[in-house]
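Structure first, commentary second.
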Amino acid sequence: MEQDGLGAIDMVIWGGAAISVLGLVGLVWCILRVMRAKRASLSDEEMRAVLQRTLPLNLGALFLSVIGLMLVIVGIFLG
């Protein structure tokens, strides 16, 4: 039995892939932010401040990426 259009499981898979890509973009942004700070030859205190501001964003992006990949795996198993 074949369906026309996207089913619920397909939407879970594609939604998970989109969330995972969003997390990956966030991770790349965090990497670029720290690389720019490293190239700027900041003092230890300034570098520590940049890293402290970047760390929560990095963890959030990693969380999004993991949740997206989990949705993809669940969608594949259920499909």
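Quick rundown of the values:
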item: Residue within region 6-19 that is within 14 Å of the chain's Cα centre (by Cα) and open to solvent by 70 Å² or more (accessible area, probe 1.4 Å) present; result: no
item: Residue in region 45-53 that is in a helix (DSSP H, G or I), in contact (Cβ under 8 Å) with a residue 24 or more places away in the chain and open to solvent by 100 Å² or more (accessible area, probe 1.4 Å) present; result: no
item: Lone qualifier among Val28, Val72 - being surrounded by 13 or more Cβ atoms within 10 Å (Cβ to Cβ) and in a helix (DSSP H, G or I); result: Val72
item: Whichever residue in region 18-72 is touching a helix residue (DSSP H, G or I) at 6+ places or on another chain (Cβ under 8 Å) and basic (Lys, Arg) and, among such residues, is modelled with the highest pLDDT; result: Arg33
item: Residues located in region 22-50, provided they are of a type outside the set (A, V, I, L, M, F, W, C) and closer than 16 Å to Gly60 by Cα; result: Gly23, Gly26, Arg33
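The values are calculated or read from the model by the stated rules, or taken from the named source; none is laboratory data. From a predicted model like this one, the values you see are computed outputs, not experimental measurements. Neighbour counts run over all protein chains shown; Cβ positions are idealised from the backbone, glycine included. These area figures cover heavy atoms from the full protein model, side chains too; ligands, DNA and RNA do not enter into them. Shrake-Rupley method; radii C 1.70, N 1.55, O 1.52, S 1.80 Å.
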